[in-house]
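Asks: Got a structure for you, written out below as C-alpha cells; questions coming shortly.
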Amino acid sequence: MSPELPRRSDDPNPNVDTLIPLVCEGTCRTTAGGALEIGAAQKLAWENKSLKGFNTTDVALEFGLLTAEVGEAFTAWRKGLPNLGEELADVFLYLTALAEMNGVDLDAEVAHKIEKNTRRTYERNEYGALVRTSET
C-alpha cells in the first residue's frame, strides 16, 4: 500500500493548493503571480511521486510513459478536448521526474537554454525551413 500525501486539516481530498505548503514545507518558490517555479514544481512532483510509490528508478520506463503522455496531449489538441492543459501538465510532470532521476536541475537548464536560444540566428532555406545560421 502506497503512503498518502500529508493533508491539511480534515480535508479527505486535498487539492494542490492544500498540498503545496505541506509537501514543500515552505521551500517551494513561486512567481509574483503565485505560479510554481520550475524547480519548485520539480521538487513537489518528485515528492508526490515518491510518496505514492510511483516509478522513481527506471529511466527507460519513464521515457516511455512520457511518450505516452505526449500522445495523449496530442490527441486532446487534435480533438479539441477540454483536458489539453491537464495532459500538457502530465507531460511536464513526467519530464520533471526524468530530470530528477538523472540529477538535472531543470530550472537552471531551462533558463540556460532560453538564454542560449536568444543568441541564435536563423534564415529560411530554399524550402522555407528555418536553418540556424549562427550562435553568438
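Just so it is clear, none of the values below were taken in a lab; they were calculated from the coordinates. All of these numbers come straight from a predicted model, not from anything done at the bench. All Cβ positions, glycine included, derive from the backbone under ideal geometry; neighbour counts span all protein chains shown.
Asks: Please list, by residue number, every one of the trypsin sites (Lys or Arg not before Pro) in region 59-136 that is coil in DSSP and has at most 10 other beta-carbon atoms within 10 Å.
Replies: Answer by residue number: K79.
Asks: Follow-up. For region 60-115, what is the largest minus smallest coordinate of the Cα atoms on each principal axis, given in angstrom and ordered from greatest to least?
Replies: 35, 28, 13
Asks: In sequence order, what are the phi-derived ³J(HN,Hα) couplings for region 37-44 according to the Karplus relation 6.51 cos²θ - 1.76 cosθ + 1.60 with θ = phi - 60°, rounded to whole Hz, with x for glycine and proline?
Replies: Each residue's phi maps through the Karplus curve to give 6, 4, x, 5, 5, 4, 5, 4 Hz.
Asks: Taking K79 as the anchor, which lysines have their alpha carbon closer than 24 Å to its alpha carbon, excluding any fewer than eight residues away along the same chain?
Replies: none
Asks: Could you check the simple spin-label distance between F63 and Y122, using points 7 Å along Cα→Cβ, in nm with one decimal?
Replies: Between F63 and Y122, the simple spin-label model gives 2.5 nm.
Asks: Which GluC sites (Glu not before Pro) from region 38-136 combine a DSSP loop assignment with at most 12 other Cβ atoms within 10 Å?
Replies: E126
Asks: What lysines could a cross-link reach from K43, if we take a straight Cα to Cα line under 23 Å and drop same-chain neighbours fewer than 8 places away?
Replies: Result set, ordered by chain and number: K52, K113.
Asks: Tell me the label-point distance for the pair K79, V104, using the 7 Å Cα-to-Cβ offset, in nm and rounded to one decimal.
Replies: Between K79 and V104, the label points sit 2.9 nm apart.
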